[in-house]
Every structure is written in C-alpha cells, then in structure tokens.
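A short worksheet on the structure shown next.
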Amino acid sequence: MKKRCGFILNNKEMELSLLQGRSVLDLLRKDLGLYGTKEGCREGECGACTVILGRTPLVTYRSMPACLMPAGQLNNTHLVTIKGLQGERPNRLQQAFINQGATQCGFCTPGFILSLTGYLLEGRTVTVQGAIDALGGNLCRCTGYGAIRRAVEETVEPLLGKVPSLQGLIELDLLPDYFATIPQRLENLRRKPQSDSPDVTLERVEKNCPLIAGGTDLYVQRGDALNKSDPRFLIPEAEPIRVEEGMIEILASATMEQLRQDPHFIDQFPGWREKLLVIASHILRHRATLGGNLVNASPIADCAVLLLALDAQIQLVSSKDSRRRFPLRAFFLGYKELDLKCDELVEFLLVTKRDEAQLWNYAKVSKRERLDIAGCNSAAVFTVNKGAFASVGLALGGVAPIPFTARRTMKWLRGKPLSKQTFLGSMEVLQEEISPIDDVRGSAEYKRRLASALMADHYLHCFSDICSYDDFVKGGAL
Amino acid sequence: MINPDTTYHVMGLTRYVDDRDFPARGLHCVVFFSPLAKGKIRDLDTSAARNVPGVAFILTAKDIPGENQIGGIIQDEVLLAEDKVNFVGMPVAAVYAWTEEAARQAVGRIKIDIAEEIPILDPREAYNRNELIAPVRTFTLGDAEEAIASAAYVVKGQAESGAQEHFYLEGQVTVATPSEEGNLHLSSGTQAPTSVQRCVAKVCGLAMNRVEVDVRRLGGAFGGKEVQANTWACFAALGAQKAGVPCRMVLRRSDDMSATGKRHPYSSDFTLALDGQGKFLAFKVMYYQNAGAAADLSTSVLERTLFHATASYYVPNVHATAAACRTNITPNTAFRGFGGPQAMFVFEAAIREASRISGICAETLQRKNLIKTGDCFAYGMKAENAQAQRCWDRAYAHYDLQKRMRAIDDAQKKETCSGQVARYGRGYALMPVCFGISFTTIFLNQARAHVHVYTDGSVGVSTGAVEMGQGVNHKIRELVADSLGIAPGRVKLESTNTTRVSNTSPTAASSGSDLNGAAARMACEMIKERLFKFKADEYQCASKDFSIRQGRLYREGNACEVCWADLVNQAYCSRVQLSAEAHYATPDLYFDKSVEKGRPFAYHTYGTAYFEAEVDRLLGTYSIKKAYVVHDLGRSINPLIDLGQVEGGMVQGIGWLTMEEMRYDETGRPLTATAGTYKIPDISFASLDMKVQFLEDVYNDKAVKGSKAVGEPPFMYGIGAFFAIKMAAGYEKPFYFAPITPERLFGELREGLVV
C-alpha cells in the first residue's frame, strides 16, 4: 500500500504517495528522473548513489548511500542530491575537482562531491584527514585518488580547524543560498497535517512485517523484495546514547557513526574514534545501526564483537511491552540464531560507565583495511590491579558460528600476573576454545592463527612495556 | 585548457547511457545465467517465468534470427547456450518484460536441469588435456639452452598472477531502439562501436549498414567493454528487433561481476641465466594463460605477453612459449596492459629470484640490463630512442633513491644484528616499464576522423575514439584547435557513431589519441589547405604564405584583417568545402607470424617507479607508503590528463597484485563476484605519498605532436608494490604468488601455512 510522504527534495517541497520500501535510489532515478545520482552496485559499497539527508533538530545533515535507504524514511527530511548543489557554475568544491583533474569518467564524481559536502555539513571540526576519511565509502576506479586528495585539500583549506556553519558554507560558495531557508521549511513541513507515519513504535510490533532500522544488511540481502514492500521503521533518535545510573545506554537505532562519535565512549576508551574507522565506511556508518548489526547475527559482526568485549547487556522489549535484560553474550545462540522472539525488538544496550580511561583494543584483519568484512576481528578490555589481571573482556569474530566471547581465556587470565608467560599461555587457552571454518573470508587455519595474532596485538597495544613482537615470535605463539 | 567535460561531471549533468527517461512502452531485459560451470542442458523450463505479469517474451538460442555466434578472432562463443554450458554466468535465456522488476522476478522462476560435468579450472590441467584455444606460440632469440648451459647462475621458479575484475563504475549497458524500417539504433557502453555493430548485425541477421551504434561516453571501461560489451548489446538489439519497441539492457553489478570476463590469470615457469656480474644471458619461460571458456581476445592478450616477456630488459637469448588454455570460467578479456603486466610480473619475479641466489641486489641487476637503443627484443625489433636508463637514472637523482634505500637497508641490518624481530618491516622496490605501443594486430592500427567547420567558425569533430574517462576527446579537441589555430572552446567532439565514422578500431591498446588524434589533424590540415588556397587565389600568392594563429589569419607572419569566423564564412560563400575526412594508418608496422619476427610497435613508452611498503608481520597486513615515478610521455598533450592516467593506472596495478582477488570454488562458481566481496583500492589504501615526474626534453616522432600513449604503461608500475611488500615482509622464501592478499602474506610469513 502506498503512503503519503512529505519531504524537501533539494529546493522543492514534495508530497508523494509512495511504497515505503522503495529504495531512494530507484525513487530518484526511476520515478523522479534525477539521473545525477548514479547506480553503481546497490550494495552500499561504491558510493556512486550518495545523497545527503537532513533531519531536524538543527537540521543534522549526514551523507549516505541512497541504494540502501527506504523512501518511507524520507518523511520530514531534507534530501540533497547532486542537483541540490547546483548553481549556474560549479561551486568551490566542484571547481577544485575540475582544477585538480579529480574526475575522469565522472561516474563516481557526484557521490564524492556529496560525501565531502556532507562532511562539511556535519558540524564537526574540519581536518584534511577527516575529509579524506569521509570519502572512505566512495570508490573511484579511474584516478587512483591522487587528484581527489588534492581537490579535498584545496577545498577544505579555508575551513581547517573550524566548525563550518550553514551560513559560512553558503558564503564560501560551498552550498547554494536556499540551504538557509531549510530549517524553517522543515519546521513548516513538520507542522503540517501529518503524513502517514510509517515509524514503528514499540507497541506496534507486528509479525511478518519487515522492520527496518538502517537497512544496510537487509537491502543487500533482499533489496528486490523490500523494494516492493511496505516495511516499518525504527525511529531514529537525535541523541540515542546517554548515561543513566552509571550505565551508558545505547538505543538499538543508534548508528555506528553515532557510536564512534559518542563522547562517553571516546573518554572511556582512548583511540575509540580512530579504531572504529575500520568498521564499514563513513556513509554506511550513518545508516548502519547497532541493533541491525546485532540482529543480523553475523559471526563476524564488528559491533557485536566490540560490545561483547565491553561486557554489554542487551534489553529486549516485546509487543506486550514486557522487557528482558541479559548479557549480550547470551543473545547469540548459534549460527544466525538469536535469543529473540518474533514479537521482540532490541531496545537498547548497556555498557558500564567508568570515569577512568580503560585499557582496551580493537583490531580487524580484512583484505582491505576499511569497508571490508573481516577475516577475523577482536576486541579486548583489560583491568589491572597490582600487576595482575583483575578482569578481562575478550571477544572475537570469525572464529565460531557466533560472535564469540572467549570466556575460558577470560577466566584463565583473571588473577594472573601481567607477564609474557601469561600472555603466551592465554593464547594456548584461546586456541582450545575457538572453532573457525573455511569460507570466502579465509581458511580455518588462517583464522585460527589470526586469532592468536589478534590476541598478541591486544597485548602489544595495551602492554607494550611488558612484551614485544619478538617475544611472541620466539615464544612460538604465532 | 581544462577538459570541459569535467564541469558537467562535477555538477552531475553528464548523461550516461541509462541516464534518460525510458519509455513505458519499452522492454527491459534480464538474463538467466548458467548456475553451473560445465554440463549438458537436459531441460530448460521457462513456463513459470512466462506467466509472470509484465513478461513479454523469453528468448533462448533457437529464437535467434541470425547466427548464435559472438566470437571475434575465433568463432567459438555462442550468445545463448544451446545444448551445453561452459561457465557459471553463461547466458542461457533472456527475459524481456515491461518492467525491470518483472523481468528479474521471471528470471528467478526459470528452471534448468543440467547433467553436470567436472569443470577444468586450472590452466595447467587444461594444457595437459590439450584444451587449447589456439596452437601454442613460441618467440625465440639466440640460443637459450646453450646460454643456460654456460651461465654462472641459473635460477628457476614459478610465478602466479590472478584474475582482475574491471570494476568500471558504470556497468555494462545498451539501449536499442528500432526504426520503422526495422533498422536498429544502439546507444551502447562499448569501447568498440564497430565490434558491437558487427556482432549485433550477425546475431540479428541484418546487414551492418542497418545497425547504427552511438557512443557518447563510458563510465569507465579499462578493456572490460572492448569485446564484453557485445553480448549485452546483442540482447538489447534482439528485444528491440522482435518487439519493435526500445529495449534496455543494464547489467546489475552482481550480474556484471559474475558474467563478464576478467584479466587473465597466468601460471608460469621461468628460468633466468646470468653471468657472474649479473648480466642476463638467457630467459626461458612457459606461460599458461587461463583463457576461460571461449577465445574472446585471449590469443591477442597472449601475444602481447610474449612481446613483453623480457619486460624492460635486454636478454640476448630468449625462449618464450605461451599457451591459451581453455577452462570453465568466464571468457577472459582485455584489461589495461593486455597480457603485458602478466609477462612483466614473471620477469621481475625472476630477477628477485636471481638476486636471492646470486646475492647481487635486484636494483643492480635491473639497472645493468635495462634495454638500450639498438638492443633487440625477442621479436626482432630493435629498441629505438630508448629512455629506460634515463628514466631510471632520473628517478634516482630526483627522488634521492640511493639514500632512501640505504636507510631501509640499514634498518634491516640493524634488526638482523639485534636478533630481535621487529613487528613492522619496510621494503622498497623499483619497477621499470617498457611497453610497446600499437595494436599488435596490425590492421587495427588505423583510424578516421571527420571534421566539419560550420559557417560561424565552430567546429565539430567525429572520430573512432571512445571517451571513457581517459580524456581522449579533450586531447583531440586540443589537437584540432592547435592545428586550426583557434581556441579549443570552438571545438566540439561529437559522439562516436558508426554512421559517421565507419570500421573503427576499438579504443584500446593506449592508442586512442595517437590514431584518432593523428587522423583529426590530417583532416584539419586538409581544410586549412583549402582555406589557404582560397586566400592565396584572392591575394595572388602562395598557400604556404598563410597560417592561422589564435583565431586570426596571418600572411607571411603579418596578421590579416580576417578573423577565423570571417575566413570560414567567406570560404563557404566561395563554395570551398569546409568538411574533411582523413584516414591515418600507423606507418612501418609489420609482423611475420611464421617466424614471429617483425616491427609490431610504432614505439615504446618507458618509465621507472620506486615503491616503499610497510608490512605488519604480526597480522600480515601492509600499506604502500611511497610511489615515486619518472615517466616518459614524449611531449604531453595535456599534463593534467596524463598525470591522472599515470596515477590511476598505477593504483589499479597495485590493486591487481594486492587486495583484488577473484576466487572460485572447486565447482567453478565465483565466490567474490560482488562489490562486497571483491575489494578495489579505496582512498584510504591509496593515501600513499605519490609523486610523478614526466621525463624532460623528449620528443617522440612516432606519434602525434611528439606525444606518447599513456593509458596502459603506468599500470605495470604496480608490480613494484608487490616486491616492496615482499621485501618488507622480510622472509627469504621464493614465493611469487599474486595477489598478495593479507591472508596469503600471513601464510607466507608463517612458513608452511599453505593458503
């Protein structure tokens, strides 16, 4: 069934009756004839279809791939395509791409322009590295990225170290004037008689009705079916991560990027933002949610591994409004099997808030460092008391049918002194409790030995004064 | 002048084939592919598919009005499977429906019953079973056996390189529109409009003059749309022909990746013989090329492998043999470098092996043996105007390489002395490139151009070149403007269209601007000649007294009171022909296959790249830190475009040997045929310190305006990244297997772990 949906497309108010599940990419290209948005892969892997989505309050703009995005989620938003940046001439960013030869065949170019514009609109301090990282989800096969990097440098030069404002970006010829009118227009849209709201409230969970948070896994797995469907959506929250009673509470709808940028985690886990860069890509992290990553139940899920090591709790809510809370590790029962009833939803996750910075590490090995599914990944959190391990959180992906909590190793380590012998010994224990299999991400033997290597990486990262790489080589642990 | 196309690109205004409204009364084609690599078709059931609402019809082999044959060089490939399937992804049936969704749904309902046979996936196995695409070829120079017998060092080894997916951002696409006479107009994403025209004509049973192919631009191609575009154009054409309505064929990424051919994987055995000082004496090599299930361009690719067997070096005695082996994977095809990279990889591996055995460092071996003017290649051509040593020496001087390499060597020595293994290792490698320019199929070295001068002085140019991001249109625009003495802004490049320029060669072999640019300039000279004669008659002087510069006519160096537009208009009113067609054929090319000798190349392009890599020996991961290049372009027509070609080609080459891995399971099913599983370099991986310098004071008298072709040669620099990684890994094992994915490197680092 089609539903009404009101949003602003570039500089134009739209009131469309549309199938909620239709991908924004198909909506733009096939229904609205906006051909500047390109179809590259329909997997969120290439970034050719990148758009910017603006939501109230403040109008928070984020770049994201249109191919994995259901049109039903456009309600009350500002959707920006390449056409929405168009003046009579190329703007400053577009001119930089021209000057540097950063476009060859041109097919990927609108996506790059939007990802970079989206980055400048995020309301964060601009750095060259940040701008480059924001292009991590956009593939170019022609240029080798050299010219693109030079164009990025040319563009962001006047903004370095600053947090650009909407008005500032307009003045720098990086946005068209009409952007200044958008906050008011979105407000007007919101006040209008409600469009049919497709958002699901927890009470309205129904069986057999697809429920979409970010859609980044679902649209890859069954995009054709979803495109014709009438799914419902988790409501994205502006502030999905908060501290309550000594716990950091993360709503299931929190995106991976919200997790990466969260100040509580950044304080508690040194290097948090940098380490999490290897998870998905900038544009995908704006859509992929924590809840989605968990319920997809992949044995290699990045966030699952991370949260398991942090000893997270999960809270589920049912259609009858009853709630269950238990350790996340009990959520994963077997391959693609979860302790989740068909009328239940993941409501939030809880991680203990600490005031001091923790010793921790996250490492992942994949063919490409970023935006690739790991062969193996692992996270560890250590607390130390008087030269011995007080507690250990350790999880690995790719070594078992589920995201794996290495409980035997964790238990074995507890109370043991911080020493090379302990480190080496723990790796033997770990080997006994993992059971990787051969698949396209790597052979079982590879993953088995990678698990040891990742363990060594944790020790080298957290206890570099106690051990060296050479110790692990000579200790025969690798 | 900056390429004006780029303005449209950045503003999202550029239209590719599928970027236009498609009529509701138009058909969408989706293809049903073989799910198995080899077997006999027992039954194909399309009845359920036909009942899907919106389906118009389904075509199988028996429905093809013309010939079910799309083979080019060798006629061995059917468009639609008849009684057997030869690879996973082979088209079996084509569904035509009024919406793409309906066609896709219908494809899901087709059932096929195949008597499965055991496929051949390994080229060596195919060779042993005599499954060859064509007879084995051998290039010889001197007497390799004799030289090997008397050599100080003889090293042997095996090298493997993998398939590479083109990953053009715009997938394969054609829209076919029928005319009232039953002729077909195709808007196609092809590098070879004439090839599409010929192929469609044959399959549809039409004369070639009834098939018009128009190509505006491609969203990347890299060789993947040279022959491989034909298949999809045929499906669009068949639908349009049968239904009399437009038909759209757009491959989805996952279909594109599983059904189209890749760069050929090679498995090779080499023997390199050296004297005590490191002079190369002899090279013996056997290449097993994995051609896939049909010939495609395999024999030509194989030929170029043989031409580049000794890479950038002079070897007096050569015995190089190559076999195109028929297997049950997608028919492999052209990809930037076209067999050259595979050959050079083997030779560079042989150098590393020689260095390992002899103790002479690889750079010494490389420098000592670089090809010089007058040295003979195995195919009988002597190197002319060779720049290999100049590029090499210039790279050393300009980038201070000696010092950089010594710093890394010292760090390694220190590590060895300390007895402590360091987690991170640094390594370097130099990679010289010498690449022959011309189609090795001699007859393809021809091009035509049409130049129209309109009465307002604007100029329209049609050539056989296809714009796919390499900037060929803009280069031709600048060449035309330069030739006519007018501003480039006056010159428009038309689409590539078979009714305007016929019998085109593919835009390939790096030759697009060489050939088509030369033809366009010839056409301009013809027009100029007529204009000058017209003025000479008026002024009663000689034609040669005139020239045009900056849009003005000059007579013996003095400006006349006539600007370009007036000159053109006056000439028109005096009935002077203002259009010209010119034909260019590269001179002095010949090759005698009976003895495998000749002069197959107009010239060679040279360069040297220096790489530094860092390896994390714990995790088996790596990053490329530096790539410093000195590249010989002759006199660049457009340095910004050429820089983009060098950087882009190099990063593609690095990708080929590092992360890009096509995996197949034991039944021949591709495991990495999606964007999610096949990884190409991203901006983070490619954030290396990349510097490119063009060799100065060079002029190439064999190509247009002293320039050199640039498309393919830089790809092969990427080979240097592989060897820099190997050095950084720090083990002394003779493994030469590419791509060196983190998994493979991890295995090699921990000896014995076979991956």
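Buried surface between chains B and A: roughly 6500 Å² of accessible area, summed over both sides, computed with a 1.4 Å probe on protein heavy atoms only. If you look at the Cα atoms of segment B:608-663, you get an Rg and a Dmax of 14.3, 47 Å. Once divided by 2.2 N^0.38 Å, the Cα radius of gyration of segment B:446-585 becomes 1.05. The label-point distance for A:D439 and B:D45, in a model that sets each label 7 Å from Cα toward Cβ, rounds to 3.2 nm. A simple rule links phi to the HN-Hα coupling: the Karplus curve 6.51 cos²θ - 1.76 cosθ + 1.60 with θ = phi - 60°, which for segment B:584-593 gives 10, 10, 4, x, 6, 10, 7, 7, 10, 5 Hz, with x for Gly and Pro. Of the heavy-atom accessible surface of the protein assembly as shown (probe 1.4 angstrom), what whole percent is carbon and sulfur? Here it works out to 49 percent. The candidates B:R336, B:R552, A:R449, arranged from most to least accessible area with a 1.4 Å probe in the full protein assembly, appear as B:R552, A:R449, B:R336. What is the local net charge at A:V163, summed over the other residues whose Cβ is closer than 15 Å to its Cβ (Lys, Arg +1; Asp, Glu -1)? Combined, the nearby Lys, Arg, Asp and Glu give 0. The contact residues of segment B:606-647, meaning those that lose at least 10 Å² of 1.4 Å-probe accessible area when all protein chains sit together rather than their chain alone, are B:R617, B:L618, B:L619, B:T621, B:L640, B:L643, B:G644, B:Q645, B:E647. Its residue count N fixes a reference of 2.2 N^0.38 Å for segment B:647-702, and the Cα radius of gyration divided by that reference is 1.70.
Near A:V51, the amide H atoms lying under 5 Å from its own belong to A:M64, A:A66; only residues 5 or more places off or on other chains count, and H is placed 1.01 Å from N. Once Rh is set to the Kirkwood radius over Cα pairs, what Stokes-Einstein translational diffusion coefficient, in µm²/s, holds for segment B:323-408 at a temperature of 20 °C and a viscosity of 1.002 mPa s? It comes out at roughly 134 µm²/s. Think of the protein assembly as shown as a dipole: +1 on every Lys or Arg Cβ, -1 on every Asp or Glu Cβ, centred on the Cα centre; then among B:Y606, A:N385, A:Q94, A:N385 lies furthest on the positive end.
Close amide H pairs (under 5 Å, H built 1.01 Å from N) link A:G137 with A:H282, A:I283, residues at least 5 positions away or on another chain. For segment B:568-662, which trypsin sites (Lys or Arg not before Pro) pass both filters: DSSP loop (anything but H, G, I, E, B) and at most 11 other C-beta atoms within 10 Å? Here the sparse-neighbourhood loop sites are B:R575, B:K593.
Each residue of segment B:510-519 was assigned a 3J(HN,Hα) from its phi angle through the Karplus curve 6.51 cos²θ - 1.76 cosθ + 1.60 (θ = phi - 60°); the sequence is 6, 9, x, 7, 3, 6, 6, x, 5, 5 Hz, with glycine and proline shown as x.
Using alpha carbon centroids, what distance separates segment B:63-110 and segment B:350-381, in Å? Segment B:63-110 and segment B:350-381 have Cα centres spaced 48 Å from each other. The simple Förster model, with R0 at 35 Å and r as the Cβ-Cβ distance, assigns B:H583 and B:T373 a FRET efficiency of 0.65. Sorted from greatest to least, the principal axis extents spanned by the alpha carbons of chain B come out as 85, 77, 50 Å. Rounded to whole numbers, the Karplus 3J(HN,Hα) couplings from phi for segment B:60-69 are 10, 3, 5, 8, 6, x, x, 8, 8, 8 Hz, using 6.51 cos²θ - 1.76 cosθ + 1.60 with θ = phi - 60°, and x at Gly and Pro.
Projecting label points 7 angstrom from Cα along Cα→Cβ for A:L32 and A:R150 puts them 3.5 nm apart. Sequence-distant contacts, meaning Cα pairs under 8 Å at least 6 residues apart, place the relative contact order of chain B at 14 percent. Each principal axis of the Cα cloud of segment B:183-290 was evaluated for its coordinate range; sorted largest first, these ranges are 72, 31, 24 Å. If you look at the Cα atoms of segment A:2-190, you get an Rg and a Dmax of 15.7, 46 Å. Computed from the Kirkwood radius of its Cα pairs, the Stokes-Einstein diffusion coefficient for chain A at 25 °C and 0.890 mPa s stands at 104 µm²/s.
Counting Lys and Arg as +1 and Asp and Glu as -1, what is the net charge of the other residues whose Cβ lies under 13 Å from the Cβ of B:D409? Result for the neighbourhood of B:D409: +2. Selection among B:I637, B:A48, B:A93 by position relative to the dipole of chain B gives B:I637 as farthest towards the positive end (Cβ unit charges, Cα centre). Listed by number, the DSSP H helices of chain A that run 15 Å or longer by alpha-carbon position along their axis and have mean Kyte hydropathy of at least 1.0 are A:109-120. Along its three principal directions, the equivalent ellipsoid of segment A:241-474 from the Cα gyration tensor extends over semi-axes of 27, 20, 17 Å, largest first.
A cut-off of 5 Å between modelled amide H atoms, ignoring neighbours fewer than 5 places along the same chain, links B:E226 with B:Q191. In the protein assembly as shown, the DSSP beta bridges split such that about 85 percent are antiparallel, to the nearest 5. The GluC sites (Glu not before Pro) of segment B:667-755 meeting both criteria, a DSSP state outside H, G, I, E and B (loop) and at most 14 other C-beta atoms within 10 angstrom of the site's C-beta, are B:E696, B:E732, B:E751. Apply 1/(1 + (r/R0)^6) to the Cβ-Cβ distance of B:I442 and A:Q167, taking R0 = 60 Å, and write down the FRET efficiency to the nearest 0.05. With R0 = 60 Å, the Cβ-Cβ based efficiency is 0.40. Which FRET efficiency value, to the nearest 0.05, is calculated for B:I2 and B:R549 with the Förster distance at 22 angstrom and r the Cβ-Cβ distance? So the FRET efficiency works out to roughly 0.55.
With only Cα atoms counted, segment B:24-178 has Rg and Dmax values of 22.4, 76 Å. Rolling a 1.4 angstrom probe over the protein heavy atoms with all chains in place gives the protein assembly as shown an accessible area of 34 Å² per residue. Other residues lying with their Cβ under 12 Å from the Cβ of A:R414 contribute a combined charge of +4, Lys and Arg counting +1, Asp and Glu -1. Stokes-Einstein diffusion of the protein assembly as shown at 4 °C, 1.567 mPa s viscosity, Kirkwood radius from Cα pairs, rounded to a whole number: 40 µm²/s. Segment B:631-696 and segment B:229-295 have Cα centres spaced 17 Å apart.
The values are calculated or read from the model by the stated rules, or taken from the named source; none is laboratory data. Worth saying up front: this structure is predicted, and the values here are computed from it rather than measured. Positions of Cβ are backbone-derived with ideal geometry, glycine not excepted, and every protein chain shown enters the neighbour counts. Calculation scope for accessible area: heavy atoms of the full protein, side chains included, ligands and nucleic acids excluded. Shrake-Rupley method; radii C 1.70, N 1.55, O 1.52, S 1.80 Å.
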